[in-house]
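What follows is a short report on a single structure.
The values are calculated or read from the model by the stated rules, or taken from the named source; none is laboratory data. As the structure is a computational prediction, the values presented were derived from the model and not from experiment. Every residue, glycine as well, gets a Cβ built from its backbone with ideal geometry; the counts of neighbours run over all protein chains shown. For the accessible areas, the whole protein counts, side chains as well, though only heavy atoms, and no ligand, DNA or RNA atoms are used. Shrake-Rupley method; radii C 1.70, N 1.55, O 1.52, S 1.80 Å.
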Amino acid sequence: MAGPDYDVEIKQLQATMRTIEQVLDLDAMKAEITDLGEQVAAPDLWDDQANATRVTGRLSDLQGQVERFEALSGRIEDLGILVELGTEEGDADSLAEAERELGKIRTAVESLEVRTLLNGEYDAREAIVTIRSGAGGVDAADFAEMLMRMYTRWAERNKYPVEVYDVSYAEEAGIKSAEFAIHAPYAYGTLSVEVGTHRLVRISPFDNQGRRQTSFAAVEVVPQLEQTDEIEIDENEVRTDVFRSGGPGGQSVNTTDSAVRLTHIPTGIVVSCQNEKSQLQNKAAAMIVLKAKLLAKKKAEEAALKKDLKGDVAASWGDQMRNYVLNPYQIVKDLRTGYESGNPQPIFDGEIEGFLEAGIRWRRSADKAGAEG
């Protein structure tokens, strides 16, 4: 079998990298890094902690993006040298190594290219994810917990911090709902393609007769708020309920009524937080989530007219968006993009990059078609 045409492959990779460089505007990014570096060096930076956090976070993100781009460009150059030496010396081992590296570089370039597609108004934000069990009884509750684990494992694989606001455990197994934040740049733009109803088909581990069960869980993703967002809430329109934090099996997390549930009366939006130790801390965290959901609702309503924001609160691409089939065969398939995997276990372990990238590309195509229409 003939090996790859390295000259053609490397030229294609270099052309893609030039396009990525133009979209990212590396010169502008480097100029902003210089400006932010000067701000970070100011002795009074931490007098305003919120601004300091924003500045240092933005600086770290930009530096990471530039470093990733430059490192990948260097790998492509090194690949060319490795191929040249291997060809001149007839070194089969070097050429075999070059072929393996080519595959890895292709994957890395494709991932970087996908990042350039995340240019929506809120795509660069951190994300708040809500998962709710649907039809299917205890299997649905178990499936909801499987999805929560899937997303948190994905975050852990990428070294993204996860902050759990609330988990409502089901009586027998699994969870009724969960709410958590993923603190990473572009987490919202990346995970927003996961919005919708997920469907699991398997032999139920909770059925004594070993029958096949279909169950459902819903995923919602909203962008984390920033200081510049203008969302005002009338306190008279919010009902506050306090209750005792609880864990699986009815175990108490603590012995005080510190958990907080907020209900926004005009919209019916309900959020809870029981992760913090004090009632005040839980209320503050719950208010952050409530404001984020109200912002998403506001933008989703605008999108109904403008079609410029998709998938924040409702599964706007259709109710059922992905099937996870474990019996009678094994496959995970996205119904919008057609992307699929015949090995579900790594997917449940957080290896969902292929689905995320396919979703982002699909969304861009759908947005482009909508704009042209």
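Each residue was assigned an accessible area with a 1.4 Å probe, and for Trp362 the value is about 70 Å². Within the same chain, aspartates and glutamates fewer than 8 places from Lys368 are excluded, and of the rest, those with a Cα less than 15 Å from its Cα are Asp308.
Taking all protein chains into account, the per residue accessible area for segment 39-186 stands at 50 Å² (1.4 Å probe).
Divide the volume of the convex hull around the Cα atoms of segment 54-208 by the residue count and you get 153 Å³ per residue. Computed from phi, the 3J(HN,Hα) profile of segment 96-110 under the Karplus parametrisation 6.51, -1.76, 1.60 (θ = phi - 60°) reads 5, 5, 4, 5, 5, 5, 4, x, 5, 5, 4, 4, 5, 5, 4 Hz, with x in place of Gly and Pro. Accessible-area rank, largest first, for Tyr329, Tyr186: Tyr329, Tyr186, with all protein chains present and a 1.4 angstrom probe. Once C-alpha pairs closer than 8 Å and six or more residues apart are averaged by separation and normalised to the residue number of segment 115-229, the relative contact order reads 39 percent. What the Cβ-Cβ distance of Arg75 and Ala52 gives, at R0 = 30 Å and to the nearest 0.05, is a FRET efficiency of 0.30. Computed on the chain, with alpha-carbon pairs under 8 angstrom and 6+ residues apart, the relative contact order is 15 percent. Counting Lys and Arg as +1 and Asp and Glu as -1 over every other residue whose Cβ lies under 13 Å from the Cβ of Asn51, the net charge comes to -2. About the centre of its Cα atoms, the chain shows a dipole size close to 1820 debye [charges on the beta carbon of Lys, Arg (+1) and Asp, Glu (-1) only; nearest 20 debye]. Taking Gly57, Gly350, Gly174 as the candidate residues, the one with maximal mean-square fluctuation in a Gaussian network model of the chain, Cα springs under 10 Å, is Gly57. Of the residues Gly210, Gln320, Ile175, the one whose Cα sits farthest towards the positive end of the charge dipole of the chain is Gly210 (charges of +1 on Lys and Arg Cβ, -1 on Asp and Glu Cβ, taken about the Cα centre). Relative to the longest principal axis of the Cα atoms of the chain, the long axis of helix 137-157 makes an angle of roughly 40 degrees.
Candidates (1) 66, 20, 15; (2) 39, 29, 20; (3) 29, 23, 21; which is the computed semi-axes √(5λ) of the Cα gyration tensor in Å? It is the one labelled (2).
In this structure, Gln22 and Glu110 have a Cβ-Cβ separation that, at R0 = 22 Å, corresponds to a calculated FRET efficiency of about 0.80. Amide H contacts under 5 Å for Gly134: Phe216, Ala217, Ala218, restricted to partners 5 or more places along the chain or on a different chain, H placed in the peptide plane at 1.01 Å from N. Label positions at Asp349 and Leu280, each projected 7 Å from the Cα along the C-beta direction, are separated by 4.5 nm. Summarising the amide proton neighbourhood of Gln224: residues at separation of 5 or more, or on other chains, whose placed amide H is nearer than 5 Å comprise Glu126, Ala127, Ile128. A crude spin-label estimate for the pair Glu230 and Ala41, with each label 7 Å from Cα along the Cβ direction, gives 3.7 nm. The aspartates and glutamates whose alpha-carbon is closer than 20 Å to the alpha-carbon of Lys333, local same-chain residues fewer than 8 away aside, are Asp139, Asp142, Glu145, Glu194, Glu220, Asp319, Asp349, Glu351, Glu353, Glu357. Our estimate of slack between Tyr329 and Leu85, defined as 0.36 nm per intervening residue step minus the Cα-Cα distance, is 83.2 nm. Exceedance of the 26 Å cut-off in Cα-Cα distance is limited, within the set Lys30/Lys159; Lys159/Lys297; Lys30/Lys299; Lys159/Lys298, to Lys159/Lys297; Lys30/Lys299; Lys159/Lys298. Rounded to the nearest 0.05, the FRET efficiency derived from the C-beta distance between Gln320 and Ala366 at R0 = 22 Å is 0.85.
Applied to segment 353-366, the Karplus parametrisation 6.51 cos²θ - 1.76 cosθ + 1.60 on θ = phi - 60° returns per-residue 3J(HN,Hα) values of 4, x, 5, 5, 5, 5, x, 5, 5, 4, 4, 4, 5, 5 Hz, with x for Gly and Pro.
Look at the dipole of the chain built from charges on Cβ: of Met29, Tyr165, Thr240, the Cα furthest out on the positive end belongs to Thr240. Mean sequence separation of contacting Cα pairs (under 8 Å, at least six apart), scaled by the length of segment 126-173, corresponds to a relative contact order of 34 percent.
Only beta bridges with both residues in the chain are counted; by DSSP, about 90 percent of them are antiparallel.
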